[in-house]
Amino acid sequence: MSLVIAAILMGGIGSVHCIGMCGPLALSLPVVTSNPTSRLVSTLLYNAGRIAMYALLGAAFGTLGMSFALFGYQQLLSIILGVTILLFIVLPKNKMLTRQSNAVTRAFAGLRNALGRLFTKKNYQSIFFIGVLNGLLPCGLVYMAVAAAISTASVVKSSLFMAGFGLGTLPVMWSIAFFGSSINMSIRSHIRKLYPYVMLIMAILLIIRGLGLQIPYMSPAMHEQNSGNAVIECSHD
């Protein structure tokens with residue numbers, strides 16, 4: 001339960017970042033009809049598609065995390081992910097993100113074309129799949145959530161974490177899509193200032209978890225994590 005709460009908190013605080021990235025897409029949804037009921041259904045389906053894709057991503061990357069755990073590298077992976085988040089926070093990102101965005105734009109050209117085709121259709125199915133494809137668009141916030149999800153080394157936990165992350169973004173993203181307006185600029189500015197601190201806490205927790213400091217639940221010892229490989233002794237009469 002604490003894992004899901006952490007994911008919801010991360011999504012809730014980070015969702016202000018989503019206003020600039022996904023807000024224009026949410027504002028231009030091809031709503032089937034103009035009546036409030038149709039708009040409500042459309043905006044909920046769009047967000048259901050996003051959350052479903054996040055959960056699927058969580059399951060996929062959870063499998064990767066399980067592979068690391070199987071070979072005894074879960075703690076090392078946790079440390080690497082924590083350090084990666086720290087570097088993302090402290091290093092200048094302008095040039096790096098510019099180069100990355102050019103490469104990502106080319107790689108995701110087909111995805112954007114598919115989105116464009118869906119926007120020409122006014123039906124609920126298309127709106128749901130717009131949300132699904134939106135979940136695949138490049139986003140630093142989603143990358144952070146995926147990093148945390150991988151560290152769970154569990155398909156179920158990773159999927160639940162990403163679904164919780166999606167639920168955390170729901171209030172802001174639904175409000176944008178339904179009301180067609182963004183959060184007050186002053187409130188947005190204050191919430192955005194909290195985001196790096198949340199990421200910092202997450203990075204530190206991932207590193208502490210990987211160090212195996214024998215702190216219950218937070219940083220279990222390595223032999224406790226591998227306790228499933230128990231040695232069975234046979235007694236001879």
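Each reported figure results from applying straightforward, stated rules to the coordinates on display, with no laboratory input. Not measured: the values here are computed from a predicted model. No Cβ is skipped: glycine too gets one built from the backbone with ideal geometry, and neighbour counts run over all protein chains shown.
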What helices (runs of 4 or more DSSP H), lying completely within segment 115-180, carry at least 1 residues that are touching a Leu at 6+ places or on another chain (Cβ under 7 Å) and of a type in the set (Ser, Thr, Tyr)?
-> 124-134
Does Asn113 satisfy the criteria of being crowded, with 17+ Cβ neighbours inside 10 Å, farther than 30 Å from Gly210 by Cβ and out of contact with any Ser or Thr (no Cβ under 8 Å at 6 or more places or on another chain)?
-> no
